[in-house]
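One structure is given here, and the rest of the page talks about it.
What follows draws every value from the coordinates through simple rules; no lab data is involved. These numbers were taken from a predicted model, which means no experiment stands behind them. Don't worry about glycine lacking a Cβ; one is built from the backbone with ideal geometry, like all the others, and counts go over all protein chains shown.
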Amino acid sequence: MKRNQKLPFLGLVLVAATPFSDASTRAQDRVQPSAVSLPENGKVVSSKDNLSIATLSPSSGFSIGALVSQYAADQKTLDHRFRLPLDTIGQEYRMKMLQSWQEKLAAIDFSQLDQDNQIDWLLLDAEIRHDRNLLDRKLTRNESAKPLIPYFLLLLKYCESKEYGSKLSAEDSANVLDEIANRANELSKGLQKPTQKNEPPSATTAPATPPIAPTTAIHAATLLDQFSRQLQDTHRYHEGYDPKYTWWAAKPFEAAKLAIANHRKAIREKIAGLDENDTDKIVGLPIGSEALTKELQHAWIPYTAPELIAIGERELKWCDDRFREAANDLKLDGDWRKALANVKSLHVEPGDQPRLIRELAWEAIRFIEGNDLLTIPEMAKQGWRVEMMTPEAQKVNPYFLGGDNIIVSFPTNTMTHSEKLMSLKSNNIHFCRATVHHELIPGHHLQYYSLARYRNYRELFSSPFWMEGWALYWEMQLWDMNFAQSPEDRIGMLFWRRHRAARIVFSLNYQLGKWSAEECVKYLIERVGHEPSAAAAEVRRSIMGSYGPLYQAGYMLGGLQLRALHKEVVQAGKMTNREFHDAILRENYVPFELLRAKMLSLPLSEIQLPTWKFYDF
């Protein structure tokens, strides 16, 4: 059967076998004789495997969801197997795996699928293309960083003795480690600090090249971190088990490990301009306009980054107007800063915060059930716990986190006096009342409860627009339903709503390369009213954590999407509030544009692109 021939979906399943070339194929840039011929039983995928088709009866209940699970398993296998940075074998396998999966999807006749399977087809197709974009972006960054680590082939040669079983004698291992140490030490000495502020130097080994960007240096240092771990792992693999290796390589290994650490430090300090002793410094890697556009397409957002920033600024203006109204109600002449300072002073005594959180959580549950907004299973209501955030974690999360547990931030005895005061202000009563329901019910705790029970194969498609957008949507809904009982409550809700609008503005400007981390912190302090420590923690979490580049923007944008969908479905009389909200949770992770297509029975196409303009300017 031809690869481009469409297959009727019913009664067919594509087996996840992938046609890879022999794993011993090596790129030309390897140090000789490091080319590895993998033993037959060491291959991840046999070169004899082919894309194949096995028949299933229509009654088997097979769906595209099964392919989603297989794809996730393939990714997990490759993540487990290939760990070496700058390793061309792993790169080749990933590229061929992605190509094979694209061929699998192309072989399915999209028109023969029901709508649920069409949605899963579109989600899997988008995920594969996104994973390829991420791989391309990673390879581009790797290429830019290689000149700063010109001995990387020696690192690969040494580590391949474990990863691929390549032959490297004990004496040769010692020689390679010694050469690594010499090269790294020489490069460290050759680097010089910038002579002028913000002017990065170039490596002395290539004085004619353009200056090296600080972001490239940061990535090179990250690669050296990864190599250092793999070097240690390879050494443990041989040490003690191979007497000759232990005799030859013990000292050269220690010298190489120290030299790599010093080289990494020199790159960070002398090129990136980062003081190794400054643990408060916020460092990240903006992805740029082109990559950000691809991220938005993957998230099914049909707006450009500048358009989204304009949405954030317009939502900020709405918050400003409501803030002045609340300040007037407090007899503060519309001064939102005075109103905010007043609310920040209203906190419980040390030791009472867990009690407050529990009370606020049950208050929200009673409100949701009393207004018949959502089904809350008894198991979900009883399934959460309260834990306390460590002082170290509060540097990244100055408020609280939710999910299976709600993790509460509050001052501890180990904090300085100023840190305690800022933590008290940041975790006041009215800030907490505005967001405990965001973290627990109807927010993240109920989401995690549902994710484990409905269409859980869709967890591959996790998205902040679904996860954080849902929780932020409820903050908006409860505002509309007068959940706030006082001007102070309204100020608490408005603080967070303005914060989420500001997240769109600062995070996208940062990812576009227009704002520095320091400018983002200043913006949050001046425009939103954050305490300095909380503002720094917010930016640090945004760009130094494991969050994607759209995560912070996903809160309000996802919430705005759901509000627009609520208007089309519930306010138009097509569903009740309970039906609408229950349906969202039972779909698991799915972009709201595709959820809209399902709720409104809109046709889908295999070349579907994001087109839903959910915001009216």
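General observations
- The residue list Ser546, Ala261, Leu600 was ranked by how far each Cα lies along the charge dipole of the chain toward its positive end, using unit charges on Cβ atoms, and Ala261 comes out on top.
- For Ile108, distant residues with modelled amide H under 5 Å away: Leu7
- Taking the helices alone, the chain has a mean residue ellipticity at 222 nm of -18500 deg cm²/dmol, built from -39,500 (n - 2.57) per DSSP H run of at least 4 residues and averaged over all its residues.
- Karplus (6.51, -1.76, 1.60) ³J(HN,Hα), θ = phi - 60°, over the range 381-391, in Hz, Gly and Pro reported as x: 4, 9, x, 10, 10, 10, 10, 9, 7, 5, x
- In this rough spin-label picture, where each label sits 7 Å from Cα along the Cβ direction, the His417-Ala393 distance is 2.9 nm.
- Global form of the range 300-359, assessed from the alpha-carbon gyration tensor, a/c cut-off 1.5: oblate
- Cβ-based charge dipole, the chain, positive-most Cα from Leu153, Leu124, Phe461: Leu153
- Point-charge dipole on Cβ atoms (K/R +1, D/E -1) for the chain, about Cα centre, debye to 20: 620 debye
- Packing, taken as the mean count of other beta carbons within 10 Å per residue, orders the peptides 469-477, 215-223, 514-522 from highest to lowest as 469-477, 215-223, 514-522.
- In this structure, the residue pairs whose Cα-Cα separation is over 25 Å, taken from Lys514/Lys567; Lys338/Lys567; Lys138/Lys294; Lys104/Lys157; Lys157/Lys251; Lys162/Lys257, are Lys514/Lys567; Lys338/Lys567; Lys104/Lys157.
- Gyration tensor (alpha-carbon) shape descriptor, the range 468-617, a/c threshold 1.5: oblate
- Cα gyration tensor, the chain - rounded (a/c under 1.5), prolate or oblate: oblate
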